[in-house]
1. With N denoting the number of residues in the stretch 247-342, provide Rg(C-alpha) divided by 2.2 N^0.38 Å, to two decimal places.
2. Show me the three semi-axes of the equivalent ellipsoid for the stretch 403-481, from the C-alpha gyration tensor (sqrt of 5 times each eigenvalue), largest first, rounded to whole Å.
3. Of the peptides 363-375, 392-404, how do they stack up when ordered by the mean number of other Cβ atoms within 10 Å, highest first?
4. Once both labels are modelled 7 Å past Cα along the beta-carbon direction, what's the residue 490-residue 342 spacing in nm?
5. Report the label-to-label distance for residue 379 and residue 266 in nanometres (one decimal), using points 7 Å from each Cα along the Cα→Cβ vector.
6. Relative contact order of the stretch 295-389: what whole-number percent is it, with Cα pairs under 8 angstrom and at least 6 residues apart?
7. If R₀ is 51 angstrom, what is the calculated FRET efficiency for the pair residue 170 and residue 234, using the beta carbon separation as r and rounding to 0.05?
8. Which value in nm describes the separation of the simple spin-label points at residue 204 and residue 293, placed 7 Å from the Cα toward the beta carbon?
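Only the coordinates and a few stated rules stand behind these numbers; no lab work does. Small disclaimer: the values here were computed from a predicted structure and weren't measured. Here the Cβ is made from the backbone with ideal geometry for all residues, glycine too, and neighbour counts use every protein chain on show.
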């Protein structure tokens, strides 16, 4: 027959297709002529995949052909190439060279070549294992390079993609919730899984609602703060500095305080906090004021500093009516240690001497008298920063700093409005000792929270419901069991 030689001469064989690495499409159509059998393919080291008794689709890389083993009988096939320009026949030398390269690629790390007979005898799991063992060295070699490239690509990804992914995730959650709600409404069924899903989403909704409420509350607080500031700036009038009397030079020189029938109520609709209070101090006297809560003790300080002007009667200091004095002059001539000590943001120097009138030696002496010099030296000196409201100091230390501020002023009148109410006994004893030594020639008005702190006063005023009920020496009042002061000391009265 003449067709077979012509076919072998004009068409590339399967071996030629192998050597050129082309993809061959073979149709199970017997023709005349000699074609490579499975045994021949196995002997040449090619990979053979048994695809069935009738057809074989060959698509193996690196020029590895595929043949069909049909019950051990050699089969003939018509080979048709899907290439537009089929390759030219190779020489014997080229075929031998490429076959050697294929053999070397298969013999990786001394492994046995993978033949068609080995694949035919193995099941699907063993075939995967054989292919994995042969491909592992190649993948092991390529993996570091590919991993480095993938890492570089990941580093170039913009964070906005993550944000978009989160947004899509939240959108998907919302859609799932809507779908569940629709199903629940129309189907009218309830299962444990649906209940768990609803609870899980309810927890996330609660967290979001908490954040929203917190943000709304903070915004409202900030808006209210601005409103208060604008109210103080635009609506509240500044205290009038009108005065009709100039105090004498070096006023006050003796520190004599006189209350003459003073009555006070903070509003017209409120009851009187002070009712006809009258007393007079002696020069350099230490006068204690005691009484139950609401008896009018702090109202005496309010009137003395003219924090309120709608009081009746008169208050004199060294014979000068304080209602006729400029408020700035009056308040700068008095010293006060409040119940709640207050420090400004800034340095220790600015808190003790805001007008920069004192030297460093005078400031350190005042701190030494208050037993605060070592503490501040360990922190860095007078330039130590004070946080807002003195949060970096304890309450007792803040009270001692306020006492040092009063010592620097050296006023003839010192007012202590329950200054030791919120501190420990040790700090209380330090303050009382410092006041006793540093203000020996000053008039001291002590409003006491602890009765024990005024036992060393020269006289004690006992107040009740805005009136003075007793005024005398502590020893005299304690000697009378019927006195109000005796009941306060020994807790015999409510």
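1. 1.09
2. 23, 15, 13
3. Result, highest mean Cβ count within 10 Å first: 392-404, 363-375.
4. The two pseudo-label positions are separated by 4.1 nm.
5. Label-label distance for residue 379 and residue 266, simple model: 3.2 nm.
6. The value is 27 percent.
7. Once the sixth-power term is evaluated, E becomes 0.65.
8. In this crude label model, residue 204 to residue 293 measures out at 5.0 nm.
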